[in-house]
Amino acid sequence: MEVIHERCAGLDVHKETVVGCLRVRERGQVRREVRRWATTTAELLKLGDWLRQAGCTHVAMEATGVYWKPVWHMLEGEFELLLANPAHIRNVPGRKSDVNDATWIADLLAHGLIRASLVPPGPIQELRDLTRTRKQLMREIAQHKQRIQKVLEDANVKLASVVSDVFGESGRRMLKALSAGQTDPRQLAGMRDGRLCASRETLAVALQGKVTAHHQFLLSQHLRMIDYLEQTIRDFEGQIEVVVAPFRAAVAFLVTIPGISATAAHVIIAEIGLDMSRFATVAHLRSWAGLCPQLNESARQNHVAPFTPRCPMAQNCAGAVRLDGDP
């Protein structure tokens, strides 16, 4: 088999250790050297020195959780790095060890059999971290709102039955008053504003329940967490505006697409980046994003195949794409 890279290395990355296999082809002979390193900064610097002294040009590693990232950052700029999908470089059945895995990665790399995964540049990675964390914070807010609804049902307060948005301005005033000890349904109903469709009489009936001190404590804590998380999201959105500044032109183009808001544009740039040359065709990009069904054919019969599960791009975009007519 043709050798593409004469001097290369394969790294088997773990949380606390990195096993490196240096593969060198000289005078028609292949020489391999395997060493084990810790994942501390000092040890990773020694790993880079070892590869540099051996004249290594290409280094491949497996995408193991987030453990590959510090190794990548320490070696970036000095070697041609390739990040491999674990499913694409799975070793043949047999004896499995860290040394064998590193050797297998090095052999695949030497013959050009590793397809590099997409690793975006630093600014795109920072934007991705911010947008994904913002999405997670929004999910936490939704969880606290669901818990508040459970508390209201436990206290037999039927506010959600007569108000479309319990956490609108009127609903929040009522919830904060409930958590502060106000239990008079007429006093609570008087906190509605003119935009609320439900009448005071309807609200008073719905707000009549049995709210105990325990319910008040739970409501106050959940409301406090929601306020804190909403402020945190505003801080994240401010930082996103700073990080996305170099990509203003791309955002301006994306928002011209029907259904794409500025938030969705930020997510798309964070997940895909701006270099479309990484994708051979539109179909490759759609497949990478997990937005096309899998191919499952047997005996000329197509079986039901779901979309790629747990697609980061699809999950991060959820709720960020607006429909026609939405504000």
Whole-number accessible area per residue in Å² for the range 1-71, which is evaluated in the context of all protein chains at 1.4 Å
54 Å²
Sorting Cys8, Ala249, Leu188 by the position of each Cα along the dipole of the chain (Lys, Arg +1; Asp, Glu -1; all at Cβ), the one nearest the positive end of that ordering is Leu188
Using packing as a proxy for protection, rank 153-161, 292-300, 238-246 so that the peptide with the highest average count of other Cβ atoms within 10 Å comes first.
153-161, 238-246, 292-300
Estimated FRET transfer efficiency (Phe217, Glu140; beta-carbon r; R0 30 Å; 0.05)
0.95
Could you give the length gained on full extension between Leu291 and Arg200, defined as 0.36 nm per residue of separation minus the Cα-Cα distance, in nm?
28.0 nm
If you build a Gaussian network model of the chain, linking Cα atoms that sit under 10 Å apart, which residue out of Gln143, Gln125, Gln53 swings the most?
Gln53
Percent antiparallel among DSSP beta bridges with both residues in the chain, to the nearest 5?
70 percent
Using a 1.4 Å probe over the heavy atoms of the protein chains, calculate the carbon and sulfur portion of the accessible area of the chain as a whole percent.
53 percent
Counting pairs of Cα atoms in the chain, how many percent are more than 23 Å apart?
71 percent
So for the pair Gln239, Leu45, with labels modelled 7 Å out along Cα→Cβ, what separation do we get in nm?
2.7 nm
Given a Förster distance of 35 angstrom, what is the FRET efficiency for Met276 paired with Thr17, based on the Cβ-Cβ distance and rounded to 0.05?
0.40
Size of electric dipole in the chain: Cβ of Lys, Arg +1 and of Asp, Glu -1, about Cα centre, debye, nearest 20
620 debye
Counting only pairs 8 or more places apart or on different chains, how many lysine pairs in the chain have C-alpha atoms closer than 17 Å?
11
What percentages, rounded to whole numbers, describe P(r) for the range 139-186 computed over all alpha carbon pairs with 10 Å bin width beginning at zero?
24, 63, 12, 0
Per DSSP helix of 4 or more residues, -39500 (n - 2.57); summed, then divided by the residues of the chain. What does that give at 222 nm, rounded to the nearest 500?
-15000 deg cm²/dmol
Starting from 0.36 nm per residue, how many nanometres of slack lie between Ala250 and Ala283 once their C-alpha separation is accounted for?
9.8 nm
Convex hull volume of the Cα atoms in the range 142-263, per residue, in Å³?
126 Å³
Square roots of five times the C-alpha gyration tensor eigenvalues of the range 158-213, ordered largest first and given in whole Å, equal 16, 12, 10
Regression test value, accessible area per residue of the range 162-280, probe 1.4 Å, units Å², expected 55 Å²
At R0 = 25 Å, FRET efficiency that the Cβ-Cβ distance of Ser298 and Asn85 yields, to 0.05
0.55
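The values are calculated or read from the model by the stated rules, or taken from the named source; none is laboratory data. Note that the structure is predicted; figures quoted are calculated from it, not measured. So basically every Cβ, Gly included, is an ideal-geometry build from the backbone, and we count neighbours across all protein chains shown. Accessible surface areas use protein heavy atoms only, side chains included; no ligands, DNA or RNA. Shrake-Rupley method; radii C 1.70, N 1.55, O 1.52, S 1.80 Å.
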